[in-house]
Amino acid sequence: MESIFKVIASHLKSGVMDRKSPFHICYTSTILQHDFGHYIPKSRSVVLRYFEPDDRIIGFNSNINSSKIKELRANPYIEILFYSARDKLQFRFAAKASIHHQDEVATNCWNKMRETSKKCYLDSDIIED
(Lines give C-alpha, C1' and ligand atoms only; values in the text may rest on other atoms or scores of the structure.)
Protein backbone atom coordinates (compact mmCIF):
# COMPACT_ATOMS: atom_id res chain seq x y z
CA MET A 1 0.00 0.00 0.00
CA GLU A 2 2.85 2.40 0.84
CA SER A 3 4.39 1.95 -2.62
CA ILE A 4 1.05 2.87 -4.23
CA PHE A 5 0.94 6.06 -2.18
CA LYS A 6 4.52 6.88 -3.24
CA VAL A 7 3.47 6.61 -6.90
CA ILE A 8 0.44 8.83 -6.28
CA ALA A 9 2.54 11.34 -4.34
CA SER A 10 5.10 11.50 -7.12
CA HIS A 11 2.42 12.28 -9.71
CA LEU A 12 0.74 14.90 -7.53
CA LYS A 13 4.05 16.60 -6.74
CA SER A 14 4.69 16.83 -10.49
CA GLY A 15 1.17 18.25 -10.91
CA VAL A 16 2.00 21.13 -8.57
CA MET A 17 5.33 21.93 -10.21
CA ASP A 18 4.73 21.21 -13.91
CA ARG A 19 1.91 22.99 -15.75
CA LYS A 20 2.15 20.38 -18.51
CA SER A 21 1.65 17.45 -16.14
CA PRO A 22 -1.67 15.64 -16.62
CA PHE A 23 -2.08 15.96 -12.84
CA HIS A 24 -1.89 19.78 -12.88
CA ILE A 25 -5.62 20.02 -13.52
CA CYS A 26 -7.96 18.05 -11.31
CA TYR A 27 -11.71 17.88 -10.91
CA THR A 28 -13.64 18.68 -7.76
CA SER A 29 -17.18 17.73 -6.89
CA THR A 30 -19.20 19.52 -4.27
CA ILE A 31 -22.77 19.00 -3.10
CA LEU A 32 -25.42 21.64 -3.71
CA GLN A 33 -28.70 21.44 -1.84
CA HIS A 34 -31.35 22.48 -4.33
CA ASP A 35 -34.30 24.63 -3.25
CA PHE A 36 -36.57 21.58 -3.30
CA GLY A 37 -34.37 19.66 -0.85
CA HIS A 38 -32.63 17.55 -3.49
CA TYR A 39 -28.87 17.21 -3.36
CA ILE A 40 -27.09 17.81 -6.64
CA PRO A 41 -23.38 17.14 -7.26
CA LYS A 42 -21.47 19.93 -9.02
CA SER A 43 -18.12 19.21 -10.66
CA ARG A 44 -15.55 21.54 -12.14
CA SER A 45 -11.88 21.61 -12.97
CA VAL A 46 -9.33 23.35 -10.75
CA VAL A 47 -5.57 23.77 -10.83
CA LEU A 48 -3.57 21.76 -8.30
CA ARG A 49 -1.58 24.36 -6.32
CA TYR A 50 -0.39 22.45 -3.29
CA PHE A 51 0.26 18.90 -2.19
CA GLU A 52 1.64 17.83 1.17
CA PRO A 53 2.09 14.04 1.20
CA ASP A 54 2.88 13.67 4.92
CA ASP A 55 -0.33 15.39 6.01
CA ARG A 56 -2.19 14.30 2.86
CA ILE A 57 -3.31 17.80 2.01
CA ILE A 58 -4.34 18.78 -1.52
CA GLY A 59 -4.81 22.48 -2.25
CA PHE A 60 -6.34 24.56 -5.01
CA ASN A 61 -7.40 28.20 -5.31
CA SER A 62 -10.81 29.67 -5.92
CA ASN A 63 -12.33 33.12 -5.98
CA ILE A 64 -13.85 33.66 -2.52
CA ASN A 65 -17.15 34.72 -4.17
CA SER A 66 -17.47 31.59 -6.31
CA SER A 67 -20.33 29.14 -6.01
CA LYS A 68 -17.76 26.48 -5.12
CA ILE A 69 -16.87 28.32 -1.92
CA LYS A 70 -20.54 28.85 -1.04
CA GLU A 71 -21.19 25.13 -1.53
CA LEU A 72 -18.18 24.15 0.60
CA ARG A 73 -19.31 26.46 3.38
CA ALA A 74 -22.70 24.74 3.39
CA ASN A 75 -21.23 21.23 3.08
CA PRO A 76 -17.44 20.85 3.36
CA TYR A 77 -17.27 17.35 1.90
CA ILE A 78 -15.63 17.14 -1.50
CA GLU A 79 -14.30 14.61 -3.94
CA ILE A 80 -11.18 15.32 -5.98
CA LEU A 81 -10.41 13.40 -9.17
CA PHE A 82 -7.11 13.29 -11.03
CA TYR A 83 -6.87 11.57 -14.40
CA SER A 84 -4.08 10.97 -16.88
CA ALA A 85 -5.03 9.42 -20.19
CA ARG A 86 -1.33 9.24 -21.04
CA ASP A 87 -0.50 7.19 -17.94
CA LYS A 88 -3.89 5.44 -17.75
CA LEU A 89 -4.16 6.46 -14.10
CA GLN A 90 -7.06 7.81 -12.09
CA PHE A 91 -6.86 8.94 -8.48
CA ARG A 92 -9.97 9.81 -6.45
CA PHE A 93 -9.97 11.29 -2.98
CA ALA A 94 -12.92 11.98 -0.68
CA ALA A 95 -12.09 14.71 1.80
CA LYS A 96 -13.34 17.42 4.09
CA ALA A 97 -12.39 20.83 2.72
CA SER A 98 -11.04 23.78 4.67
CA ILE A 99 -11.39 27.29 3.31
CA HIS A 100 -8.48 29.65 3.88
CA HIS A 101 -9.10 33.32 3.25
CA GLN A 102 -6.93 36.19 4.42
CA ASP A 103 -4.89 33.91 6.68
CA GLU A 104 -1.33 32.59 6.69
CA VAL A 105 -2.13 29.59 4.48
CA ALA A 106 -3.81 31.80 1.86
CA THR A 107 -0.99 34.36 1.98
CA ASN A 108 1.71 31.72 1.54
CA CYS A 109 -0.13 30.19 -1.40
CA TRP A 110 -0.68 33.60 -3.00
CA ASN A 111 2.98 34.54 -2.66
CA LYS A 112 4.08 31.35 -4.44
CA MET A 113 1.82 31.93 -7.45
CA ARG A 114 3.03 33.34 -10.74
CA GLU A 115 1.78 36.84 -11.57
CA THR A 116 -0.13 35.56 -14.59
CA SER A 117 -1.96 33.04 -12.39
CA LYS A 118 -2.88 35.70 -9.82
CA LYS A 119 -4.83 37.62 -12.46
CA CYS A 120 -7.40 34.81 -12.58
CA TYR A 121 -8.47 35.62 -9.02
CA LEU A 122 -8.46 39.42 -9.04
CA ASP A 123 -11.76 40.03 -10.85
CA SER A 124 -14.14 41.01 -8.07
CA ASP A 125 -17.12 40.57 -10.40
CA ILE A 126 -16.65 36.81 -10.61
CA ILE A 127 -19.58 35.13 -8.91
CA GLU A 128 -19.70 31.71 -10.58
CA ASP A 129 -16.90 29.33 -11.46
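The values are calculated or read from the model by the stated rules, or taken from the named source; none is laboratory data. None of these values were measured; they are calculated from a predicted model. Note that each Cβ is placed from the backbone with ideal geometry, even for glycine, and that neighbours are counted across all protein chains shown. Surface accessibility is based on the protein's heavy atoms, side chains included, excluding ligands, DNA and RNA. Shrake-Rupley method; radii C 1.70, N 1.55, O 1.52, S 1.80 Å.
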**Report entry** Mean ellipticity per residue at 222 nm, deg cm²/dmol - from DSSP H runs of n ≥ 4 across the chain, formula -39500 (n - 2.57)
**Finding:** -8000 deg cm²/dmol
Query raised in the report: If you put +1 on each Lys and Arg Cβ and -1 on each Asp and Glu Cβ, how big is the dipole of the chain around its Cα centre, in Debye rounded to 20?
Result: 420 debye
Query raised in the report: Looking only at Thr116, Thr30, Thr107, which one moves most when the chain is put into a Gaussian network model with springs between Cα atoms under 10 Å?
Result: Thr116
Query raised in the report: Expressed in nm², what is the orientationally averaged projection area of the convex hull enclosing the Cα positions of region 56-126?
Result: 6.2 nm²
Query raised in the report: Along the principal axes of its C-alpha atoms, what lengths does the chain span, in descending order and rounded to whole Å?
Result: 44, 36, 26
Query raised in the report: Heavy-atom accessible area per residue, the chain, 1.4 Å probe: how many Å²?
Result: 69 Å²
Query raised in the report: Which ³J(HN,Hα) values in Hz, rounded to whole numbers, follow from the phi angles of region 34-42 under the Karplus curve 6.51 cos²θ - 1.76 cosθ + 1.60, where θ = phi - 60° and Gly and Pro get x?
Result: 6, 4, 8, x, 7, 9, 10, x, 10
Query raised in the report: Picking from Lys68, Lys96, Lys112, which is most flexible by a Gaussian network model of the chain using Cα springs under 10 Å?
Result: Lys112
Requested in this report: Would you mind computing, in nm to one decimal, how far apart the modelled labels at Glu104 and Tyr50 are, each placed 7 Å from Cα along Cα→Cβ?
Outcome: 1.2 nm
Query raised in the report: In the Gaussian network model of the chain, springs joining C-alpha atoms below 10 Å, which of Gln102, Gln90, Gln33 carries the largest mean-square fluctuation?
Result: Gln102
Report summary line: Of the listed pairs Lys88/Lys119; Lys13/Lys42; Lys42/Lys119; Lys6/Lys70, those with alpha carbons more than 29 Å apart are Lys88/Lys119; Lys6/Lys70
Query - Accessible-area composition of the chain, carbon plus sulfur, in percent [1.4 Å probe] - result: 53 percent
